Amino acid sequence: MNMKDIVERIRDYLQTKENKEYIYDKEIGEYLNITPESLSRLKKTDSIPFQKIIDFCNRENISIDWILSGKTYKFEDENIIKIRYRPDIRASAGGGAENHNEEFLEIVIDENMSRALGLAKEDEKYIEAINVIGDSMSPIIEDGAIAYIDTRKTDINKSGIYAVSTNNSGLFIKRVVLDPIADKIELISENKYYDKITVEPDEVRIIGRVIGTTGKVF
């Protein structure tokens, strides 16, 4: 999966749709709501704007799996892994969160990613995918990534990165550490410029453990 290949598949689709011999990057950027400069930078750095691509595929009613990987899946295939992606829920890796409705899309995880995550067909109902905003978990999790959450894994005695919901501040992606002596929970950022957050156990709900993000496995 790389950005240059994704752009070429979008180009192929748009050339057929608009019956043109060639679609320029400027036109692709317009469909993705990305400036030509930003699109060029994304191609050079091989950075994939997943949310823009998901929005494009939804508007055009085309397969996101084909756009991302060049593969077309049949949803009746009993071997593919489909998970719930909630585009309107954003977990903060910074200082706040945006949470709207809980409608979800059903997306197929790339075969290589599902294998790397160690997921089998029976695991799919426990996995949620949400957007990440902010840079406090950089360089582990970058702003704009999509995080895969295993909702079965809520035992914070095992140190790791979790999606957590707090009473006052919304949804966070943080490294969670339990302090059994002080009976506190620490929400720790990877970015050294952010202070840790200390909360009471009854002020936080563990949604699940982050097992990976787009392009990365934990």
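The values are calculated or read from the model by the stated rules, or taken from the named source; none is laboratory data. In this text, all values refer to a predicted model and were calculated from it rather than measured experimentally. Neighbour counts are summed over all protein chains in view; Cβ atoms, including those assigned to glycine, are modelled from backbone coordinates with ideal geometry.
Every condition in (1) farther than 24 Å from D55 by Cβ; (2) surrounded by fewer than 17 Cβ atoms within 10 Å (Cβ to Cβ); (3) among the charged types (D, E, K, R) holds for D143 except the one numbered (1).
Just a yes or no: is a residue in the range 92-106 aromatic (F, W, Y) and either modelled with pLDDT of 85 or more or exposed (fewer than 15 other Cβ atoms within 10 Å of the Cβ) (or both)?
The initial filter retains those residues of the range 92-106 that are aromatic (F, W, Y), namely 104.
Filter again for either modelled with pLDDT of 85 or more or exposed (fewer than 15 other Cβ atoms within 10 Å of the Cβ) (or both), leaving none.
There is no residue in the range 92-106 that is aromatic (F, W, Y) and either modelled with pLDDT of 85 or more or exposed (fewer than 15 other Cβ atoms within 10 Å of the Cβ) (or both).
Keeping to the range 155-169, report how many residues are surrounded by 16 or more Cβ atoms within 10 Å (Cβ to Cβ) and either closer than 19 Å to L117 by Cα or under 20 Å from the mean Cα position of the chain (by Cα) (or both). Give the steps one after another, and end with the answer.
Within the range 155-169, the first condition is being surrounded by 16 or more Cβ atoms within 10 Å (Cβ to Cβ), and the residues that meet it are 156, 161-166, 169.
Remaining after also requiring either closer than 19 Å to L117 by Cα or under 20 Å from the mean Cα position of the chain (by Cα) (or both): 161-165.
Summing the residues that are surrounded by 16 or more Cβ atoms within 10 Å (Cβ to Cβ) and either closer than 19 Å to L117 by Cα or under 20 Å from the mean Cα position of the chain (by Cα) (or both) in the range 155-169 gives 5.
Residues in the range 35-71 that are within 17 Å of the chain's Cα centre (by Cα) and among the small types (G, A, S) were compared, and the one that is farthest from A145 (Cα to Cα) is S69. When the residues of the range 62-85 are filtered to those that are at pLDDT 80 or above, of a type outside the set (S, T, Y) and not in a helix (DSSP H, G or I), the one that is surrounded by the fewest Cβ atoms within 10 Å (Cβ to Cβ) is I62.
Before we move on, is R115 modelled with pLDDT of 80 or more, of a type in the set (K, R), outside any loop (DSSP other than H, G, I, E, B) and surrounded by 17 or more Cβ atoms within 10 Å (Cβ to Cβ)? It would help to see each step written out before you state the result.
On the way: modelled with pLDDT of 80 or more: yes; of a type in the set (K, R): yes; outside any loop (DSSP other than H, G, I, E, B): yes; surrounded by 17 or more Cβ atoms within 10 Å (Cβ to Cβ): no.
Against the criterion (modelled with pLDDT of 80 or more, of a type in the set (K, R), outside any loop (DSSP other than H, G, I, E, B) and surrounded by 17 or more Cβ atoms within 10 Å (Cβ to Cβ)), R115 does not qualify.
Report whether or not E124 is of a type outside the set (G, A, S), at pLDDT 75 or above and part of a helix (DSSP H, G or I). So E124 passes the test. Apart from one condition, S47 fits all of (1) under 30 Å from M137 (Cα atoms); (2) assigned to a loop (DSSP other than H, G, I, E, B); (3) modelled with pLDDT under 80; the exception is (3). For the range 3-27, the set of residues classified as outside any helix (DSSP H, G or I) and surrounded by 12 or more Cβ atoms within 10 Å (Cβ to Cβ) consists of K20, I23, Y24, listed by residue number.
If a residue must be in contact with a Ser or Thr (Cβ under 9 Å, 6 or more places away or on another chain) and within 15 Å of I161 (Cα to Cα), how many such residues does the range 174-201 contain? Before the answer, list the steps.
Here is the first cut: in the range 174-201, the residues in contact with a Ser or Thr (Cβ under 9 Å, 6 or more places away or on another chain) are 174-179, 182, 184-187, 189-191, 193-197, 199.
The next check asks that each one be within 15 Å of I161 (Cα to Cα); those that pass are 174-178, 185-187, 189-191, 196-197.
So the count comes out to 13.
Contact annotation: residue pairs with Cβ atoms under 9 Å, 6 or more positions apart or on different chains, pairing a residue in the range 116-134 that is outside the structural domain of D55 (by TED's automatic domain parsing) and over 12 Å from I83 (Cβ atoms) with a partner that is part of a helix (DSSP H, G or I) and modelled with pLDDT under 90, are A120/S114; N131/F50; N131/Q51.
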